[in-house]
Structure formats: structure tokens, C-alpha cells
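The values are calculated or read from the model by the stated rules, or taken from the named source; none is laboratory data. Note that the structure is a prediction, hence the values are computed from the model and not measured. We place every Cβ from the backbone using ideal geometry, glycine too, and count neighbours over all the protein chains shown. Side chains included, ligands, DNA and RNA excluded: accessible areas come from the protein's heavy atoms. Shrake-Rupley method; radii C 1.70, N 1.55, O 1.52, S 1.80 Å.
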Amino acid sequence: MSLALHTFNGVLASIPSPPVSYIDLGPIRIHFYALCIIAGIIAATLITNHRLTKRGAEPWVVIDISILAVPLAIIGARIFHVLTHPNFYFGEGKNTWNPFEPGSVWAIWEGGIAIFGALIGGAIGAYLGCKWTGIRFWTFADALAPGLLLAQAMGRFGNWFNHELFGLPTDLPWGLEIESTNSAFPPGLPEGTLFHPTFLYEVLWNGLGVLVLLWLGRKLFFQWGRLFAIYLIWYSAGRVVWESIRIDPSEIILGLRSNVWAAIIGILVGLAILIVQTRRHPGLEPSPYQPGRGRKDLDADVQSQDNPSDFVDVSEPPSEETSAGATATSTAPTSTAPTSEAGAR
């Protein structure tokens, strides 16, 4: 399929799927989905660092927190996916545990991660990282919120490259083209059927959410985790809609997809954080650091040229004569005549 948008008489007719989803560099295969996720992580890190630094935190302390948060987010994302898609990995004829054969629970490189699991794992890692660095957890969460939503928007382009997680059939002019040989193509539908581009809906929703969070973040009220609560509500509300029209396999619980339930829980958690933190912390955060903790870089040694105590005092000496009993650091002249300015140095 062409990467250009298909048009009919100058009007948008459909959105094609990319013809490739990876590139091979020698023996190494690089998936565009992975590049989208990595780009999102980098963007979120840069934005969070900027926002934390403006709050008074040590520059790049976000890296120390990310060392724990990112790996645990990936682990959580995989565990959540496996638990919500048990038929993919468990049962007769399934390769559940052998990592050297396709289809195991360990084979994250084959795809299969869930953002809600990433949020749970990442939150645990961020909490531990904040304990380690001394940053207040809720300060970090508020600083992270816009960048996290941007990272999720960027990651959704990976679904486009993979031709996956699309929605119900549609005849709208922005329908997504999916080849009939795709394993997720619903049986019985004619070739050329278009589908809702749920990846694009989420990109647009998340992109708008980034602007909203950045605007709200300028208000002093949205401290103590309240901005992160708005993020949870905003993102989860969108996911309720997108999940309701997606047709990829998913566990159905009480008539709803498992990720719809996860999104509903996300909304409830966001509302709970907003209410509880508003009652517990009506004032402003005194510092981005926990009580008794602070910036380490302020205690670091500085260059000598920036330290006034390292310079020699070359100012003119006092005009008063030295008292008879004073101790000198050098041998004074025995003559009673006044000393010259050069001798005084």
C-alpha cells in the first residue's frame, strides 16, 4: 500500500497502513513500534526534567528515578497483557514458559504490552526512585503527567506500523486500510473493508490532553498529585471509548472488555486522588523534596575561579601603623622610615 493518503477527486478516501513495520540492519531487526516507544520515553524524560527543574529539583534527577521506573513499567505492561489474554499463553498446545520457542510469556519482542500494567509497574518504580532521590512522589507524578501522555500518543503510531488494534468497520473517509490477509481481519468481510483508526483517535485525544495538562499545570491548585489525577481521568475516559470500538481479541468480563474495566478503574482512581489530595493538602507544596532531603548538587565542590576565597587580596593595606606588639608574617624593615608601597607587598 502507498504511504500517501488515498484520495478520490481530491477528497480523503482512506488512510493506508504502512507497507513495512521493521528494518533489518544485518542480523538485527528493528521494529518501528519499538522506536516509537523509545522516542516516547525520551520525550517524556525531557519534559519531566524541564518541569521538575522549574520546581527547584536537581537537574536530571529524573534519570535516577527512571532507572527503576522504566524497567518496572515494561515488566508490569507485559504481566498485565498476559493476565488479560490468558488464552494466548495458557492451555493445551501453548508454549507458556519456553523462551526459546515462539509464544511464551517471556517473548515481549513478539508484541503484547498493556499501558495500564505499565502505569502500575511504573508507579511502583517511581515511588522507589523518589524514595532514593528524596523527591516527593506526587511532585514527580505531576511533572510527569504531560510527558507521559505525549509518550502514549507517540507509542500509538507503533500500532499503525503493526497493522493492529483497529476498530469496527466504517465507511467514513478516514477509514483505515487493513489487508484481508491480516490475522486480525474479521472473517466474512469483503476485501477492501475500512476500519476505524483507533490509533489515530487516541493520538489526537492524547495530544489535546497534553495541551490541557500543560495549561492546568500553570495553576498552583494542581499540585500534590492533582494534575496526575486529571491525567488518569482524561486518558482513561478516552480509552473507554476506543476500547469499546476495537475488535482485537480481549477477555470479556460482565459484558465489557477487560481494558474497558481497567479504564473505568483508572477514572475512579483519578477521582479518588483528586478528592483525597485536595482535602489533605489545601496549601502549596513547600518543596519538590521530601522533609529532610534536598538538592545534592548545591553541596558539590565548585571551580576555583567561581570561589572568591581562592583569590589573593591585592587591595591597598590599612593606613594605620602596625602596633608595636603585633606579629608579622614577614620580616619587617629595621629602619624607622616609612616603608614604600612596594615593600609593603
Under the Karplus relation 6.51 cos²θ - 1.76 cosθ + 1.60, θ = phi - 60°, what is the ordered set of whole-Hz ³J(HN,Hα) values for segment 182-192, x standing for Gly and Pro? 5, 4, 8, 5, x, x, x, 8, x, 4, x
When all C-alpha to C-alpha distances in segment 93-138 are sorted into bins of 10 Å, what percent of pairs does each bin hold, rounded to whole numbers? 25, 29, 25, 17, 4
List the relative contact order of segment 134-276 as a percent without decimals, with contacts defined as Cα pairs under 8 Å and 6+ residues apart. 29 percent
Size of the dipole of segment 1-122 about the Cα centre, Lys and Arg at +1 and Asp and Glu at -1 on the beta carbon, nothing else charged, in debye to 20? 360 debye
Could you tell me which chymotrypsin sites (Phe, Trp or Tyr not before Pro) in segment 25-65 are loop residues by DSSP with no more than 16 other beta carbons within 10 angstrom of their beta carbon? TRP60
Would you mind getting the accessible area per residue of segment 58-155, heavy atoms of the protein chains only, 1.4 Å probe, in Å²? 48 Å²
In Å², rounded to a whole number, the accessible area per residue of segment 201-254 with probe 1.4 Å is 47 Å²
Enclosed volume per residue, in Å³, of the convex hull spanned by Cα atoms of segment 20-149: 132 Å³
Where trypsin sites (Lys or Arg not before Pro) fall in DSSP loop in segment 63-135, at most 16 other Cβ within 10 Å: LYS94
Can you tell me the convex hull volume per residue for segment 157-309, based on C-alpha atoms, in Å³ to the nearest whole number? 220 Å³
How do the peptides 18-29, 197-208, 271-282 rank, highest first, by the average count of neighbouring beta carbon atoms within 10 Å per residue? 197-208, 271-282, 18-29
Portion, in percent, of the accessible area of segment 36-114 that falls on carbon or sulfur, probe 1.4 Å: 71 percent
Full extension between VAL276 and ILE63 adds, at 0.36 nm per residue less the Cα distance, a length in nm of 73.8 nm
Carbon and sulfur together cover what percent of the accessible area of segment 176-307 at a 1.4 Å probe radius? 65 percent
Of the listed peptides 79-89, 235-245, what is their order by residue-averaged count of other C-beta atoms within 10 Å, with the highest listed first? 235-245, 79-89
The Cα radius of gyration of segment 111-171, divided by 2.2 N^0.38 Å with N its residue count, comes to 1.48
Counting residues in segment 58-213 as N, plug N into 2.2 N^0.38 Å and put the Cα Rg over that result. 1.25
The answer for chymotrypsin sites (Phe, Trp or Tyr not before Pro) in segment 101-188 that fall in a DSSP coil and have at most 16 neighbouring Cβ atoms within 10 Å is TRP106, TRP174
Take every Cα pair under 8 Å in segment 114-218 that's 6+ residues apart, average their separations, divide by the length, and report that relative contact order as a whole percent. 30 percent
